[in-house]
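The values are calculated or read from the model by the stated rules, or taken from the named source; none is laboratory data. Bear in mind that the values here come from a model prediction, so they are computed numbers and not experimental data. Cβ placement follows ideal geometry from the backbone for every residue including glycine, while neighbour counts extend to all protein chains displayed.
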Number of protein chains: 2
Amino acid sequence: MLFIKLIFMDYSDQIKAELKKKHIKVGDHVVVKKDVHTFEGILMPKSQGRTDSLIVKLANGYNAGVDWTKDTKVNPASGKKETKKKAALHKYKPDPSKKTVAILSTGGTVASKIDYKTGAVSATFTAEDLVRAIPELANIVNIKPRLVFQMMSEDMEPYHWITLAKKIEDEIASGADGIIITHGTDTMHYTAAALSLMVQHPPIPVLLVGSQRSTDRGSNDAAMNLICAAQFIAKSDFAGVAICMHGSTEDSFCHIHDGLHARKMHTTRRDTFRSIDVLPYAKVEQDGTINWLRTDYKRSDKKRKAHIVDRFDNKIALIKMHPGFNHKILEFYEGQGIRGIIIEGTGLGHAPINVTDDYTKHHELLLSTIQRLSRTMIIAMTSQCVYGKVNMNVYAPQRIMRESGVVEARMTPETALVKLGWSLGHTKNIEDAKKLFLTNVAGEILDRVEIPAYE
Amino acid sequence: MLFIKLIFMDYSDQIKAELKKKHIKVGDHVVVKKDVHTFEGILMPKSQGRTDSLIVKLANGYNAGVDWTKDTKVNPASGKKETKKKAALHKYKPDPSKKTVAILSTGGTVASKIDYKTGAVSATFTAEDLVRAIPELANIVNIKPRLVFQMMSEDMEPYHWITLAKKIEDEIASGADGIIITHGTDTMHYTAAALSLMVQHPPIPVLLVGSQRSTDRGSNDAAMNLICAAQFIAKSDFAGVAICMHGSTEDSFCHIHDGLHARKMHTTRRDTFRSIDVLPYAKVEQDGTINWLRTDYKRSDKKRKAHIVDRFDNKIALIKMHPGFNHKILEFYEGQGIRGIIIEGTGLGHAPINVTDDYTKHHELLLSTIQRLSRTMIIAMTSQCVYGKVNMNVYAPQRIMRESGVVEARMTPETALVKLGWSLGHTKNIEDAKKLFLTNVAGEILDRVEIPAYE
């Protein structure tokens with residue numbers, strides 16, 4: 001289990017010595033005192049952040065992080081042990097008057113239960129666990145938790161998107177009114193794009209929810225993001241794949257982002273997700289207030305049948321243009337049997353292909369290589385600008401690339417990469433795959449850029 | 001001259017036929033009538049945009065684009081020829097009471113004169129040309145135009161940065177009070193980062209200025225960006241390399257962006273440049289009003305000597321992590337003798353290196369390859385989030401990468417790539433280059449992220 005070894009860090013040697021002295025093990029009920037504060041709860045394993053702070057899961061479900069100093073005291077809580085009996089007292093009962101939401105857990109820190117003994121994410125991800133962690137959820141919707149994966153999102157492969165698409169199909173067939181997928185934030189926008197293409201005409205909302213701050217921090221955003229997602233499903237008629245995450249640095253509202261046009265834009269901020277070149281669908285508050293910013297969304301209709309198209313060919317690559325770019329990488333990919341390449345060009349979709357002086361003579365090689373490869377694979381141009389789309393009609397050099405077969409991808413490079421693999425998964429014929437790539441299947445091709453989306 | 005063939009488009013066949021019939025050639029003085037409008041001026045060559053609109057350079061220096069329809073009439077202007085004699089009447093005279101600004105032209109649409117006969121950018125880039133195009137400039141500063149390159153910025157190579165650094169050194173030695181570099185926008189931030197490292201302790205301001213809209217469009221931003229840059233040089237005590245571009249979609253103000261922390265963020269908007277994780281230094285208006293947003297800038301001091309460090313090793317590469325990423329690209333770069341790689345990781349600086357199930361077994365290969373290569377080359381981690389910096393201390397897998405020698409680059413991927421080549425240019429010893437890469441030479445390493453910089 002390399003996973004566990006890599007993911008879970010240990011407490012500092014000092015803390016470990018103190019725990020050993022007191023015969024305390026991770027998972028035990030403890031009382032931690034520091035200054036005037038007392039924290040009582042279950043000692044959690046250390047998974048993130050500083051190794052010299054104790055993590056205690058409090059009775060209200062939140063985790064407290066207590067920095068270890070010479071004044072910190074930890075002791076076993078007298079006579080208290082978490083028992084299965086106690087958990088059974090709070091047996092979760094669905095309310096037939098409420099909508100039912102399947103919660104698919106893929107890992108990360110959101111809504112997953114850690115086995116206090118081993119540090120592994122437990123396979124028994126129950127409604128009770130979830131309600132204990134976020135009691136508000138049960139007041140909004142009925143929940144059906146499902147453990148799908150136990151991984152950080154940077155490790156997700158196209159295979160996992162396919163599995164998720166099938167799980168979504170299963171939950172739709174079982175009558176769910178909505179689906180929440182808890183997911184690491186790093187590649188959430190890639191997954192959202194993939195599910196938008198793989199689950200066509202979904203009759204219900206499918207919301208990806210993550211958290212930017214680990215559950216041992218006061219600024220943890222998991223609970224609010226989940227509550228807003230549940231409220232949005234309970235109170236709206238939206239259908240489709242979207243991302244529900246903090247819309248500001250405050251705990252004031254979440255944004256519902258179009259799954260095909262969103263991007264993680266900040267390494268740490270809770271409002272890290274931004275809609276790119278479109279407006280978010282809506283703002284949602286924890287009390288269920290919804291402010292719609294777009295009305296062009298598909299309405300939910302449980303009579304509609306979702307069509308699952310879970311094809312993917314991973315013989316794809318993504319390269320970014322930059323000064324000093326060397327064309328040989330393209331030849332390398334050709335040799336590897338790659339069938340499609342997304343280029344992150346500069347500006348409107350540019351590449352160093354002009355010979356202007358003695359020092360740019362090699363640019364001719366890049367142009368000729370691009371021209372040659374665009375006959376045998378899909379070469380699609382996007383822009384590294386992030387905002388705004390490519391336009392290969394403005395400047396003459398781009399026209400030359402376009403005429404040789406390079407295509408414009410009027411979407412983010414991330415969505416383009418997903419669309420590329422998905423299109424190639426349909427056929428061995430490159431021209432057919434190219435046609436599919438250029439067909440607007442689920443709204444991924446943006447004809448028009450929403451100017452206020454860039455602020 | 002492949003350059004000309006690629007860059008300059010021709011007018012449509014219909015327009016060409018009409019021009020031939022009337023014995024009109026590009027460069028001739030013409031009168032164009034359409035509807036109730038009359039445009040009189042010099043017929044310009046067609047370089048961008050639609051081929052079915054005529055471009056006429058008006059007496060005020062602006063270009064008008066007139067769509068060609070059956071109502072459009074073009075005729076030679078009676079008896080008018082642009083003569084050298086006329087231009088000589090407006091001989092430019094510097095004003096000793098004003099600051100002197102060297103304007104280094106590198107190409108693009110800004111402030112370059114097109115030879116109307118051949119379509120080539122003319123080597124005679126004179127003060128008269130510039131003052132005729134933007135008369136306001138001469139009221140603000142004395143100008144010394146210098147033609148350095150004639151290229152679009154996507155074609156710039158590290159060699160061109162070195163040439164520019166030397167030209168800057170020359171102009172500083174000649175007593176310039178400030179330098180404006182007119183530059184295409186696509187790679188302006190790469191050039192700004194390079195010049196920030198190559199021209200150390202500059203005694204004067206060095207401002208990069210570009211335009212997002214071609215000069216045949218009414219929304220052309222070249223004039224205002226140049227005027228704001230001249231005003232900022234005339235009225236401030238700033239020294240250093242910065243970018244001066246539109247700060248909003250209106251013609252209201254320009255931002256002065258830190259050359260090490262800026263990025264082109266929109267393919268078309270005039271306020272495409274954004275400061276990343278820092279605030280812009282200032283807002284500048286066309287009338288010379290300056291609103292400072294930061295006060296931590298270096299003050300100009302013409303007694304200070306700039307130190308030119310124009311080294312660069314182009315044996316570098318940039319790769320972006322994504323679902324489905326294949327480690328073989330790293331082995332390819334190893335075989336190519338690459339000495340340093342910038343990784344655009346996900347989130348805080350992550351890569352798919354964890355084995356969590358049967359479908360992620362190959363992640364072990366990526367981890368072991370990264371670990372192996374980080375002993376013989378510089379592997380530096382940045383984030384594809386754009387905003388916020390990497391932090392390889394938060395999660396255990398990143399710690400493992402860091403311990404094997406992968407370094408954090410707390411800068412944009414673009415600045416990191418430039419810093420990498422610059423550091424490697426100093427020495428054949430990788431460890432020495434790595435030390436230099438991790439040394440904060442010119443403010444490129446951000447200890448702290450300015451939260452309001454992400455809006």
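Taking the criterion of being within 25 Å of B:Pro158 (Cα to Cα) and of a type in the set (A, V, I, L, M, F, W, C), the residues of region B:317-331 that qualify are B:Ala317, B:Leu318, B:Ile319, B:Met321, B:Ile329, B:Leu330. Taken across region A:238-249, residues that are out of contact with any strand residue (DSSP E or B) (no Cβ under 9 Å at 6 or more places or on another chain) and either outside the structural domain of A:Val284 (by TED's automatic domain parsing) or farther than 28 Å from A:Pro413 by Cα (or both) do not occur at all. Of the residues making up region B:257-272, those that are in contact with a helix residue (DSSP H, G or I) (Cβ under 7 Å, 6 or more places away or on another chain) and within 20 Å of B:Ala230 (Cβ to Cβ) are B:Gly259, B:Ala262.
The single condition from (1) at pLDDT below 95; (2) in a strand (DSSP E or B) that A:Gly119 fails is (2).
Against the list (1) within 12 Å of chain A (Cβ to nearest Cβ); (2) not in a strand (DSSP E or B), the condition B:Arg311 fails is (1). Looking at this structure, is B:Ala234 at pLDDT 95 or above, touching a strand residue (DSSP E or B) at 6+ places or on another chain (Cβ under 9 Å) and surrounded by fewer than 23 Cβ atoms within 10 Å (Cβ to Cβ)? Criteria met by B:Ala234.
For region A:172-228, residues that are of a type outside the set (Ser, Thr, Tyr) and assigned to a helix (DSSP H, G or I) total 17.
Among all residues of region A:281-304, there is none that is over 22 Å from A:Ile204 (Cα atoms), touching a residue at least 60 places away in the same chain (Cβ under 8 Å) and not polar (S, T, N, Q). A:Ser383 meets the conditions (1) in contact with a Ser or Thr (Cβ under 6 Å, 6 or more places away or on another chain); (2) within 23 Å of B:Lys315 (Cβ to Cβ) in every case but one. The failed one is (2). Kindly indicate whether any position in region B:334-349 is over 23 Å from the mean Cα position of the chain (by Cα), in a loop (DSSP other than H, G, I, E, B), more than 12 Å from chain A (Cβ to nearest Cβ) and surrounded by 23 or more Cβ atoms within 10 Å (Cβ to Cβ). No, the conditions are met nowhere in region B:334-349. Among the residues of region B:7-24, those identified as in contact (Cβ under 8 Å) with a residue 24 or more places away in the chain and of a type outside the set (Ser, Thr, Tyr) are B:Ile7, B:Phe8, B:Met9, B:Asp10, B:Gln14, B:Ile15, B:Glu18, B:Leu19, B:Lys22, B:His23, B:Ile24. Could you list all residues from region A:368-395 that are within 9 Å of chain B (Cβ to nearest Cβ) and not small (Gly, Ala, Ser)? The answer is A:Gln384, A:Cys385, A:Val386, A:Tyr387, A:Lys389, A:Val390, A:Asn391, A:Asn393, A:Val394, A:Tyr395.
Here's the yes/no breakdown for (1) surrounded by fewer than 24 Cβ atoms within 10 Å (Cβ to Cβ); (2) among the β-branched types (Val, Ile, Thr); (3) within 18 Å of A:Met152 (Cβ to Cβ):
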| residue | (1), (2), (3) |
| --- | --- |
| B:Asn391 | yes, no, yes |
| B:Glu403 | yes, no, no |
| B:Val407 | yes, yes, no |
| B:Lys419 | no, no, no |
| B:Trp422 | no, no, no |
| B:Ile430 | yes, yes, no |
| B:Ala433 | yes, no, no |
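Total residues in region B:438-455 satisfying the condition of being touching a residue at least 60 places away in the same chain (Cβ under 8 Å) and either touching a Lys or Arg at 6+ places or on another chain (Cβ under 6 Å) or more than 14 Å from chain A (Cβ to nearest Cβ) (or both): the figure is 6. Residues that are at pLDDT 95 or above, of a type outside the set (Val, Ile, Thr) and in contact with a Ser or Thr (Cβ under 7 Å, 6 or more places away or on another chain) within region A:196-224 comprise A:Pro203, A:Pro205, A:Leu208, listed in sequence order.
Kindly indicate whether B:Val32 is away from chain A (no Cβ under 14 Å) and at pLDDT below 85. No. Of all residue pairs spaced 6 or more apart or on separate chains, those with beta-carbon atoms under 6 Å, a first member in region A:246-273 that is facing chain B (nearest Cβ under 8 Å) and a second member that is of a type in the set (D, E, K, R) and buried (at least 23 other Cβ atoms within 10 Å of the Cβ) are A:Met265/A:Arg274; A:Thr272/A:Lys264.
Condition check: buried (at least 18 other Cβ atoms within 10 Å of the Cβ) and not hydrophobic (A, V, I, L, M, F, W, C). Does B:Thr376 satisfy that? For B:Thr376, the condition - buried (at least 18 other Cβ atoms within 10 Å of the Cβ) and not hydrophobic (A, V, I, L, M, F, W, C) - is not met. Of all the listed residues (B:Ala64, B:Ala17, B:Ala102), the sole one being within 28 Å of the chain's Cα centre (by Cα), outside the structural domain of B:Glu154 (by TED's automatic domain parsing) and modelled with pLDDT of 60 or more is B:Ala64.
The rows are residues; the columns are (1) closer than 29 Å to B:Lys361 by Cα; (2) touching a Ser or Thr at 6+ places or on another chain (Cβ under 9 Å); (3) surrounded by 21 or more Cβ atoms within 10 Å (Cβ to Cβ).
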site	(1), (2), (3)
A:Glu128	no, no, no
A:Val131	no, no, no
A:Arg146	yes, yes, no
A:Ser153	yes, yes, yes
A:Ile162	yes, no, no
A:Asp170	yes, no, no
A:Ile181	yes, yes, yes
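Scanning region B:350-367 for residues that are touching a residue at least 24 places away in the same chain (Cβ under 8 Å) and either more than 12 Å from every other protein chain (Cβ to nearest Cβ) or polar (S, T, N, Q) (or both) returns B:Asn354, B:Leu365.
Checking each residue in region A:355-388 for being modelled with pLDDT under 95 and touching a Leu at 6+ places or on another chain (Cβ under 6 Å) picks out only A:Val355. Go through region B:316-331 and give me each residue that's buried (at least 18 other Cβ atoms within 10 Å of the Cβ), assigned to a helix (DSSP H, G or I) and within 9 Å of chain A (Cβ to nearest Cβ). Hit for region B:316-331 is B:Ile329, nothing else.
Residue count for region B:281-306, restricted to those that are more than 22 Å from the chain's Cα centre (by Cα), within 28 Å of B:His160 (Cα to Cα) and of a type outside the set (S, T, N, Q): 6. Taking the conditions (1) more than 23 Å from B:His189 (Cα to Cα); (2) surrounded by fewer than 22 Cβ atoms within 10 Å (Cβ to Cβ) in turn, A:Phe312 satisfies each one other than (2).
Remark: A:Leu58 matches the filter, which requires a residue to be more than 14 Å from every other protein chain (Cβ to nearest Cβ), under 28 Å from the mean Cα position of the chain (by Cα) and at pLDDT 70 or above.
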